[in-house]
Amino acid sequence: MKTIADKFIVMGSDIAGFSLKEAVKKHLVDLGWTVEDVGVTDPYAPNPMMFHRVGFKVGSKISEKEYERGLIFCGTGMGIHIAANKCPGVQAAVVESVRSAKRASQANNTNVLAMGGFWMSPTDGIEAVDEWLGTKFGEGWEETPFATDYHKLAYDEIDQFDYEAYKANGFEPVRLGDVAFPEGYIEDSILVYKVTSKNANP
């Protein structure tokens, strides 16, 4: 498998995400990364590849364990990430900020990152990719093991999710364990949400 530790990554875009993809690709190549670009490579070519087909291509590279991580770009990041998530073993996230890109690695351990050329500037897109690639799962939570355990359990249950088993179990997840919330955690989280929401929506 071609890993990010060895600076290998696969990426692709449709025509709407092309400019953002090219900016990110140049940035990574300048830093010494080896980038496989599955397309679109010429936005002016007849019948350029549609967003979902690019998502399938990048997703399959992850499913086949050819690459550890991938980057995908369309107008919003949404359609292409839906397609990539159809590929087994892919956990793709759409991000529209640097902070959410960091969180996608830190909390969700995603292996594909999607961004939209309509919403993300090249500068923000490059910074988001740097944060995503430079952040490890659980990093920064060394002093709060609950947070790491909580997200690790969620990741494992999502990764091993089987719809038929879920259905046979009365539409209840097959639990791989449980994590107890620390005393006061829920109340503190609600307070943080209220303060954040108030600041975001004055």
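The values are calculated or read from the model by the stated rules, or taken from the named source; none is laboratory data. From a predicted model like this one, the values you see are computed outputs, not experimental measurements. Every residue, glycine as well, gets a Cβ built from its backbone with ideal geometry; the counts of neighbours run over all protein chains shown.
If the condition is being outside any loop (DSSP other than H, G, I, E, B) and of a type in the set (A, V, I, L, M, F, W, C), then the range 138-153 contributes 146, 147, 153. For the range 118-130, the condition holds for no residue, the condition being that it is without any contact (Cβ under 8 Å) to a residue 60 or more places away in the chain, in a loop (DSSP other than H, G, I, E, B), over 23 Å from the mean Cα position of the chain (by Cα) and more than 26 Å from residue 64 (Cα to Cα).
Residue 114 meets all of the listed conditions (1) touching a strand residue (DSSP E or B) at 6+ places or on another chain (Cβ under 8 Å); (2) buried (at least 21 other Cβ atoms within 10 Å of the Cβ); (3) farther than 25 Å from residue 50 by Cα but one, namely (3).
Among the residues in the range 16-34, are any of a type in the set (Ser, Thr, Tyr), more than 13 Å from the chain's Cα centre (by Cα), at pLDDT below 95 and surrounded by fewer than 19 Cβ atoms within 10 Å (Cβ to Cβ)?
Checked against the condition, which is being of a type in the set (Ser, Thr, Tyr), more than 13 Å from the chain's Cα centre (by Cα), at pLDDT below 95 and surrounded by fewer than 19 Cβ atoms within 10 Å (Cβ to Cβ), the range 16-34 yields no hits at all.
Residue 58 meets the conditions (1) in contact (Cβ under 8 Å) with a residue 12 or more places away in the chain; (2) hydrophobic (A, V, I, L, M, F, W, C); (3) over 13 Å from residue 113 (Cβ atoms); (4) in contact with a strand residue (DSSP E or B) (Cβ under 9 Å, 6 or more places away or on another chain) in every case but one. The failed one is (3). Residues of the range 49-75 that are outside any helix (DSSP H, G or I) and either modelled with pLDDT under 95 or closer than 25 Å to residue 137 by Cα (or both): 64, 65, 66, 67, 68, 69, 70, 71, 72, 73. Of all residues in the range 1-34, which are part of a loop (DSSP other than H, G, I, E, B), of a type in the set (D, E, K, R) and free of Cβ contacts under 8 Å to residues at least 60 places away in the same chain? Within the range 1-34, 6, 7 qualify.
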